[in-house]
Structures are given as C-alpha cells and as structure tokens.
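The values are calculated or read from the model by the stated rules, or taken from the named source; none is laboratory data. Bear in mind the structure is a predicted one, so any value in this text is a computation, not a measurement. Glycine also receives a Cβ, built like all others from the backbone with ideal geometry; neighbour counts cover every protein chain displayed. Accessible surface areas use protein heavy atoms only, side chains included; no ligands, DNA or RNA. Shrake-Rupley method; radii C 1.70, N 1.55, O 1.52, S 1.80 Å.
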Amino acid sequence: MGLSCANDVATPLLDQVRGPDDLKSLDHQALCLLAQELRGETLRVVSETGGHLGSSLGVIELTIAIHATFSAPRDTIIWDVSHQCYPHKMLTGRRDRMLSLRKKDGLSGFTRRGESPFDPFGAAHSSTSISAGLGFATARDLKGENGHVVCIIGDGAMSAGMAFEAMNNAGTSGRPLIVILNDNDMSISASTGALSHHLAAVRQTVGANAGNFFENFGFDYRGPVDGHDLDTLLPLLEDLRDTRDGPILLHVVTRKGAGYAPAEKAADKYHGVNPFDVATGTQTKTQAKAPSYTRVFADALIEEAKVDDRIVAITAAMAAGTGVDRFEAAFPDRAFDVGIAEQHAVTFAAGLAASGMKPFCAIYSTFLQRAYDQIVHDVALQQLPVRFAIDRAGLVGADGPTHAGAFDILYLANLPGFTVMAASDEAELVHMVATAAAHDDGPIAFRYPRGEGTGVPLPSKGDVLPIGCGRIIEQGSQVALLSLGTRLADCLKARRLLALEGISVTVADARFAKPLDAALIAELVDNHAILVTVEEGATGGFGALVLHHLANRGMLDGRCAVRTLTLPDSFIAHASPQDMYEEAKLTARHIAAAARNGLGTARPHADIRRSSRAGQQELPTRLHRAEDR
C-alpha cells in the first residue's frame, strides 16, 4: 500500500483519538487515512525532539492494527526493546506530551510502567518480550482471567538467546500467546547470523515449509505478511484474536523508516536521529569540539592492530555505536558482530583468548550486564586475557536509566584477577587501549563515557601504563580529591572553587579501580585532612574498594576524614547529562561542598606526615605520559 511521508497534513482523525478504543469506531478506509496522519505526526514530533525514528515509522500500520483489534490495557501489549513505541504512545493518550520525549520530566523514549497503564512492561534492552509475555499469560491462566497477551519482537532481537529460551518454554506450555515477529532485516545495523538468512529465505518462500523453524518450537506459524498492508493485517489479527489454541507466531515483514525517503535510503534507516529538517532529512548537529570517545577508542585500536595481527574486535549488534564498524573497515577479517548475543560474545572472546588471540570485546556498560556469568565463569575463573572496552560508562542522557553505565566498576572490580581502568579524558583512553593490548596477565577492562572528549591533544601512539598506578594532577595540602574517570574535570573545577576560599586541594587521577594504587592512597591520606573519592558509578564500587583498603590497614583510625561520592542509590530518569549529574550531586560545586563540609569535621590536629613525594606537582607536559607522578 502507498505510504505518506508528509508532516504537514491535517490530522482530523488523529485529533479524535484519545485512546485505543477510539480506533474501533473507525472503518477500514479511516484507519488507512489515520496511518498517514500518524506517520506525519511521528515525523513532526521526532524532527523536533530527536530520537528513534526509523523503527517507529516501520510499525505505523502494525500499531494501528494491533490497537484496532485488541483491547489494551485489558489485553497486554508488550513491545520488545520498545524504541519503536512512539506511535503506540500517541494512540494511548500521550500525544499532547510527545514534544517532551526524552527530556527532563518528560515522556520516556521507551515503554515504562509508571508512565501509562498501556505500558504493562518496561523495556529498552532487547529480547525480553516473549519471556515477560509468557509470565503475563501464565498469571492470567492461574488467576482464571481472560485477555490476550501480544508480544512484538524484531528479527534482530529474535536472534538473542533469551528469545529462544522463551520460545522453548512457551512452545510447550500450551498457553494462548501471540508473538508478532516484526521482520525488517535490521537491528540498529543490518541483521547478522544464520537466523537472518533463514528469515530472508522464508520471505521468499510460499508454502507449508516456511514456518517449520517456529512450528518446531511449538508455535502455530502464520505468514509472512506485509506489515504495511492494513487490508491484510486487520482480518488476520482478528482471526488470531479469536483463536485460543496455544502460542501463535505471526511473521510480518516491514521496512524500517517506511514512508520517509531519507530514512529508507540511509544505511541505518534513521535508527536514532538528532532534530532534523523533514523536507531534506538533514539533521541538526552542533560542531564537535573534540572527537567522541567511541571514535578515539576505535582509532586507537586500529593503530594497535596495525602492529599486532592477533588483535580482533567483537561487538554485539552495536558496530556503529562502539566504533567496531571503523575497525571492520580497516580489518574486515578481524571484526565480528555476533548479533544481539552478549553472552555468546564474551565466551566467543574467551575462546579466542585461550587460542592466543587478543580479543577486544566492545560492549556498552549496561549491555555487558547481560553476560555477567560468562565474565565470571568463562573469563575470570580461567584468567583469560579478554579485553573489555566498556562504552557508555556513567550517565548517558536521553536514553535514561536503562542505558546508564552505573554498575560495571563494582561488578568487575570485585572479581579476582581483573584489572579495571577508567579514562579521565580521551588521551588517557588511547593509553588504556595500548595498556590493554599489552596486558596478557588475565582479563582487563577500561570504561569511558558517551559523547565527545575534552579536547586534549591526542598522542600519536598510546603508552603502556604501569598497572595499578595513578597520578597526581595538582598538588595541595588540605583536601585530596581522588577521581576515577571523567569526573576529573569537575574535580579540577572544584579545586578552583575551593581555592577562592583559601582551601588547598590536591587532585589525583586514580586511573585504576583495581588494583588500587596503595602508595598514592597512602600519600593522600598521610598528607591531607580529608580524602574525597569521586566516581561515575554506583555505591559499592571504587570508593568502597578504597574504604576497604584503608580499613584493613588501620588507616581510618583517626588519621584522615574520608568521603565517597558516587551515583545515588536510585535510578536517575532521562534528562540531559548535565541535569543527570546535577541530580546525582557529582558536579564541581557538589564535589567542593563535600570537601568543604568534610574538612569542617576533620580532626583539627590530625597527624599529617609529609612523604617524600608530597609537594611535587606533575608538570603539564607529563599529564598524559605513562610515567606516573
């Protein structure tokens, strides 16, 4: 069917929709017109807010058909990942708030239980919908209730092990459950793997054998059908609604970015966009003052790989997001996108390491959480030198708490034999890539944030850092700020604020959460009235490790006051990164306040012993050299 891409069309039908029940009074022709209006409204909104465009445009007709057929929230509708949920939000009473999308105190870019009863299950990571849906279906049956459960999952998400586990369980349960496979042959990038090839073959196949893969899992397979054709979708979904004989899988074929030419022509189908001009598709981008951390990582890894053919890069369906696409362009035979399969990615890397290769496993902090058992069992226990490049460390802004890298420090640094680093700027990241490449004594990880760097000069080649050695950046005498990661810049700002009050501050860059620099910590404790640790991670991480170290050595016994600044014990809602760090109380003024307040309670006559290293300030020309302090 023809698809409209206009964003300036009137919306008389959409204006009448206050909730999904309003769709049930519209005839077939009106629903087709509604699809045009909804596509135009989606373009209008996302052109102003930015966000996930291509996936939302690809499910316009499917969203209308689902809500016209089923009765949410009485029926349970679960969107896998849910980055495609913008049309769903507009049809479920949230249209008037769509311009607040992904902004502070505004609508989430994903489904969220606390936002609407039409969002029964929150998401943002992939491949959870069938498992959750089976949970809802089981609860329904145990309570003797009625209602349908519908799960919409993409072909990329279907490739993950969790989706297979759920199908394996659901297929033998006999419980009524509808799974809609939204097959657009895309994840964020093009889909990869054998399942992708199978679905491509199915799309070309007409006949009883097309769905055998899913039928062997115990599902009644229907399809493939055109996911943009309401003439087909509406009667088919009505038939599925009236069938209650066990799990059903409906295979719909859609186009990511459908109905908007710039999106359909783009390689990523406008998966995630900045605000843009609808007429041309040109996105609004501020001029970067420095390269992104992701690009710095990729380029540094390429340089290391030029001189070491054992270096390989692995990612899990995030080639562009992690920079592995740049590495692949340079070394196509040494880059591996394994699909949405973080568990497999880690153990695949472990096998490579056990065979003498140097695998760099590049995965976002929150996505790496999905592979924790593999990190422990397959990597750490065997002391295999897998290198973990952890992107999106700390608070990430509009994607909110589902993508905030808060926990990797504590879940990695507590593993025996693990080396854990955090880059304070992009030059340090180059050194940490070189350090990881040279490190063969067990697993090693380095974390870095989303976004552009600080603008410091980049070394042409990274230096190998001494393991477990930090550095003093600025020398003072009263307060010691020990930073892990990119809060170092705010620590330096805090130093300037405190200097205006006559308070002398030392600023140090820990570099390593594990092993700790015991000599540096001793120097800071011995020569200052208060030590403040600062990190972009949850409680139980770097600060806790420092406290444990000090307590076990009797260094907390009246010698120096200690404060730890971490992310709060709460999930911080989406906002700008600046607003999120303000809420987390990790800005320069909060760091200064913690130091000032702690200094006021420190013992006035503490025994401060100056070591031979005290008073030595690192020269500016040495700030990014491997020689420490």
When residues of the range 330-353 are limited to those that are aliphatic (A, V, I, L, M) and over 15 Å from T315 (Cβ atoms), the one nearest to the chain's Cα centre (by Cα)
A350
Give me the pairs, please: first residue somewhere in the range 32-48 and in contact (Cβ under 8 Å) with a residue 60 or more places away in the chain and assigned to a helix (DSSP H, G or I), second residue anywhere and of a type in the set (S, T, Y) and open to solvent by less than 10 Å² (accessible area, probe 1.4 Å), beta-carbon distance under 8 Å, and either six or more positions apart or on two chains.
R39/Y260; L43/Y260; V46/S56; V46/Y86
With touching a Lys or Arg at 6+ places or on another chain (Cβ under 6 Å), surrounded by fewer than 24 Cβ atoms within 10 Å (Cβ to Cβ), part of a loop (DSSP other than H, G, I, E, B) and in contact (Cβ under 8 Å) with a residue 12 or more places away in the chain as the only criterion, which of G455, G442 stands out?
G455
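Matching residues to (1) at pLDDT below 90; (2) not in a strand (DSSP E or B):
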site: D245; (1), (2): yes, yes
site: V252; (1), (2): no, no
site: A258; (1), (2): no, yes
site: P262; (1), (2): no, yes
site: A267; (1), (2): yes, yes
site: T280; (1), (2): no, yes
site: A288; (1), (2): yes, yes
site: A298; (1), (2): no, yes
Criterion first (open to solvent by less than 40 Å² (accessible area, probe 1.4 Å) and touching a helix residue (DSSP H, G or I) at 6+ places or on another chain (Cβ under 7 Å)) does A561 satisfy it?
yes
Kindly indicate whether any position in the range 212-221 is at pLDDT 95 or above, acidic (D, E) and surrounded by 13 or more Cβ atoms within 10 Å (Cβ to Cβ).
no
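So which of I503, I530 is surrounded by fewer than 23 Cβ atoms within 10 Å (Cβ to Cβ) and more than 28 Å from P443 (Cβ to Cβ)?
I503
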Looking at T92, T111, which one is in a helix (DSSP H, G or I) and under 22 Å from D399 (Cβ atoms)?
T92
Within the range 64-119, can you find the residues that are of a type in the set (D, E), on the phi < 0 side of the Ramachandran plot, under 21 Å from the mean Cα position of the chain (by Cα) and surrounded by fewer than 21 Cβ atoms within 10 Å (Cβ to Cβ)?
E115
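Okay, residues lined up against (1) more than 15 Å from the chain's Cα centre (by Cα); (2) open to solvent by less than 10 Å² (accessible area, probe 1.4 Å); (3) closer than 25 Å to E536 by Cβ; (4) acidic (D, E):
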residue: S355; (1), (2), (3), (4): yes, no, no, no
residue: Y372; (1), (2), (3), (4): yes, no, yes, no
residue: L384; (1), (2), (3), (4): yes, no, no, no
residue: I390; (1), (2), (3), (4): no, yes, yes, no
Filter the range 396-418 down to the residues that are buried (at least 24 other Cβ atoms within 10 Å of the Cβ) and either in a helix (DSSP H, G or I) or over 15 Å from the mean Cα position of the chain (by Cα) (or both) and list them by number.
D408, I409, L412
I'd like to check something: does the range 425-438 contain any residue that is hydrophobic (A, V, I, L, M, F, W, C) and open to solvent by 10 Å² or more (accessible area, probe 1.4 Å)?
yes
Given (1) over 19 Å from A393 (Cα atoms); (2) modelled with pLDDT of 95 or more, identify the lone condition not met by G339.
(2)
Looking for something touching a strand residue (DSSP E or B) at 6+ places or on another chain (Cβ under 8 Å), farther than 23 Å from A341 by Cα and either β-branched (V, I, T) or modelled with pLDDT under 95 (or both) - is there at least one such residue anywhere in the range 429-444?
yes
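Can you tell me which residue among V346, V312 is farther than 29 Å from L53 by Cβ, touching a residue at least 40 places away in the same chain (Cβ under 8 Å) and in a helix (DSSP H, G or I)?
V346
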